[in-house]
Amino acid sequence: MTPKTSDAAARTTALITGASAGLGAEFARQLASQGHNVVLVARNRARLEESAAELERHYGVTAEVLPADLASDDGVAAVVGRLSDPQRPVEILVNNAGIGLLHNFEDNPISEEKKHLKLHGETAMELTHAALKGMLERRSGRIINVASIAAFLPRGTYSAAKAWLVSFSRWANLSYGRQGIKVTAVCPGFTHTEFHDRMGMDKSVAPSWAWLHAGRVVREGLADNARGKAVSIPSRRYKVVAAVARIAPARLVAGPARKPKGARTPQ
């Protein structure tokens with residue numbers, strides 16, 4: 001499928017982090033199918049190059065590869081440099097890179113918790129800041145921050161980081177919307193991607209009805225962003241979850257209570 005726009009240089013460019021797999025790869029596919037050139041950011045150069053070649057072949061767009069570890073200062077600086085280049089403007093930024101932590105907060109090394117927080121909060125903030133200058137000058141731009149339905153649930157540092165991202169996106173959309181910039185936090189529930197596999201999570205803990213497909217999440221997220229919505233919650237089932245979480249007592253939506261270490265099981 002080839003986009004209607006034939007001149008690749010005249011198309012707008014989208015930069016997607018965490019683009020080698022999962023939701024990031026799906027954002028890249030759908031944006032390329034709409035005729036946008038893409039900049040693919042992730043750690044694995046080989047996978048990025050493979051994805052870039054496929055996107056160029058299928059959609060006739062230009063796909064640029066930018067290997068970077070966004071948990072490191074050098075990696076963030078490389079992407080900030082690309083976003084700040086006035087000769088190669090980025091019209092759409094998708095902050096998708098992230099990780100999950102399988103264990104409880106007290107069992108995780110603090111170095112992993114800091115890396116987790118940097119990726120989900122600080123890195124997204126830095127990249128947004130870098131992209132905004134050019135967007136404000138052009139008075140147009142789109143920013144998508146991939147958050148989670150967990151943002152509405154009190155469930156550890158992942159929920160806390162995603163809640164910050166939702167709040168940041170609400171503020172930015174309100175603040176910059178009048179200047180032509182749309183900012184959206186996309187908040188999916190459980191989604192079939194490599195994310196949970198890399199965590200080592202047992203997917204059977206969630207019922208089959210709870211799982212979404214990446215194509216739907218991205219399609220609804222892009223549509224809500226184009227409409228200027230600050231928060232996108234793909235699927236009716238997760239809209240209900242978010243609505244209930246707003247009014248239900250925190251102890252009911254926080255998940256099952258964990259038994260303290262050393263505690264005896266009642267006989």
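The values are calculated or read from the model by the stated rules, or taken from the named source; none is laboratory data. As the structure is a computational prediction, the values presented were derived from the model and not from experiment. Please note: Cβ atoms are built from the backbone with ideal geometry, for glycine as well, and neighbour counts cover all protein chains shown. Side chains are part of the model used for accessible areas, which takes the heavy atoms of the whole protein and leaves out ligands, DNA and RNA. Shrake-Rupley method; radii C 1.70, N 1.55, O 1.52, S 1.80 Å.
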Over segment 37-164, what percent of the accessible surface lies on carbon and sulfur atoms, probe 1.4 Å?
-> 52
From the cross-link list 114/162; 115/239; 133/162, the entries with a Cα-Cα span beyond 18 Å are 115/239; 133/162
Contour minus end-to-end for residue 112 and residue 167, with contour as 0.36 nm per residue of separation and end-to-end as the Cα-Cα distance?
-> 17.5 nm
Spin-label pair residue 242/residue 64, simplified geometry with 7 Å Cα→Cβ offset, distance in nm | 3.2
Note, segment 51-68: 3J(HN,Hα) by Karplus (6.51, -1.76, 1.60, θ = phi - 60°), whole Hz, Gly/Pro = x, goes 5, 4, 4, 5, 5, 5, 5, 7, 10, x, 9, 8, 10, 9, 10, 9, x, 6
Towards the positive end of the charge dipole of segment 22-162, with charges on Cβ (+1 Lys, Arg; -1 Asp, Glu), say which of 40, 28, 143 has the farthest Cα.
-> 143
Long-range amide H contacts for residue 39: which residues qualify at under 5 Å (H placed 1.01 Å from N, peptide plane, sequence gap of 5 or more or a different chain)?
-> 14, 15, 16, 64
Using the Kirkwood radius over Cα pairs, work out the Stokes-Einstein diffusion coefficient for segment 25-120 at 20 °C and 1.002 mPa s, in µm²/s as a whole number.
-> 145
Just grab the label-to-label distance for residue 105 and residue 49, each label 7 Å out from Cα along the Cβ direction, in nm (one decimal).
-> 4.3
